[in-house]
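Participant: Take a look at this one; I'll ask things after.
Laboratory data are not the source of any read-out in this text; all were calculated from the coordinates shown. Keep in mind the model is a prediction, meaning the values are calculated, not measured. No Cβ is skipped: glycine too gets one built from the backbone with ideal geometry, and neighbour counts run over all protein chains shown.
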Amino acid sequence: MPYAPRPAPSPVVAALVAAGVITRDDRVVDLGCGTGTDAVALARWGVRSVTGVDKDRRALAAARRRAKAARVARHVSFVHGDVTRLGDAFQARSFDVALDTLLANNLRADEIEAYARGVSRILARGGLLVVQERVHRWAHESEGKDVLPMPPLLARFDFGSTVTTAVPEAPLGLRDPHFARVAVSVGRNRA
Ligand SMILES: C[S@@+](CC[C@H](N)C(=O)[O-])C[C@H]1O[C@@H](n2cnc3c(N)ncnc32)[C@H](O)[C@@H]1O
């Protein structure tokens, strides 16, 4: 699906930095980073090692330009890859924090299991997974009830409460941001 950039970083990511939960020494991976809104914001906020992954080369090129314009290119790298094959791109325990902002809701149900297994593998034991998902994506598979985060993630991470809010996004062809209703969950890697 074509993707237009989100105009502002995720409030949940900002809050975790402000609270000192994500620290400058963490190795952060932004899964499905798109044009790098969150990845570049993290670098601007002082995180020294941020890696964005996406399968869309045009989005990655825009993310690199964004990092350069923000003068943080030394701290952010953008990698072309498929989040359902994370083990091909990264070694086990390579990261302390993984971001999934509006990513997993793009994956087919049969891809989520491989994705969840890969995230757990590349994150440190006890590493943090931040999930910000569209609400309703899974309703048809769960008898009308949302199950968020998705069950394969719930099986591998200890999550706290899931809360819902909205984030701005800019649909293609529209200049002003609209708002996506999202569920936010933060979990620790059990493996
Ligand atoms: C809605 S955008 C969200 C981008 C960014 N995280 C944000 O919050 O603005 C979803 C992104 O996930 C990427 N994506 C979808 N499936 C993917 C996959 N299997 N592997 C890597 N990236 C994927 C898309 O290319 C797109 O850039």
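Participant: Suppose the Debye formula is applied to equal point scatterers at every Cα of the chain; what is log10 I(q)/I(0) at q = 0.13, 0.16, 0.18 Å⁻¹?
Facilitator: Values returned for q = 0.13, 0.16, 0.18 Å⁻¹ are -0.63, -0.99, -1.30.
Participant: Shifting gears a bit: Just how large is the dipole of the range 11-189 about the Cα centre, in debye to the nearest 20, putting +1 at every Lys and Arg Cβ and -1 at every Asp and Glu Cβ? Please report the intermediate quantities before stating the final value.
Facilitator: Values: 26 positive and 20 negative charges, 171 e Å.
Dipole magnitude for the range 11-189 comes out near 820 debye.
Participant: While we're looking at this one, here's another question. Taking the Cβ-Cβ separation of residue 111 and residue 73 as r and a Förster radius of 25 Å, what is the calculated FRET efficiency to the nearest 0.05? Working shown, then result.
Facilitator: Working: r = 31 Å, r/R0 = 1.23.
Using R0 = 25 Å, I get an efficiency of 0.20.
Participant: Something else now. Is it possible to state the helix-based mean residue ellipticity at 222 nm for the chain, with each DSSP H run of 4+ residues giving -39500 (n - 2.57), the sum divided by total residues, to the nearest 500 deg cm²/dmol? What is it?
Facilitator: Values: 6 runs with 51 residues, N = 191.
Calculated from helices alone, the mean residue ellipticity at 222 nm is -7500 deg cm²/dmol.
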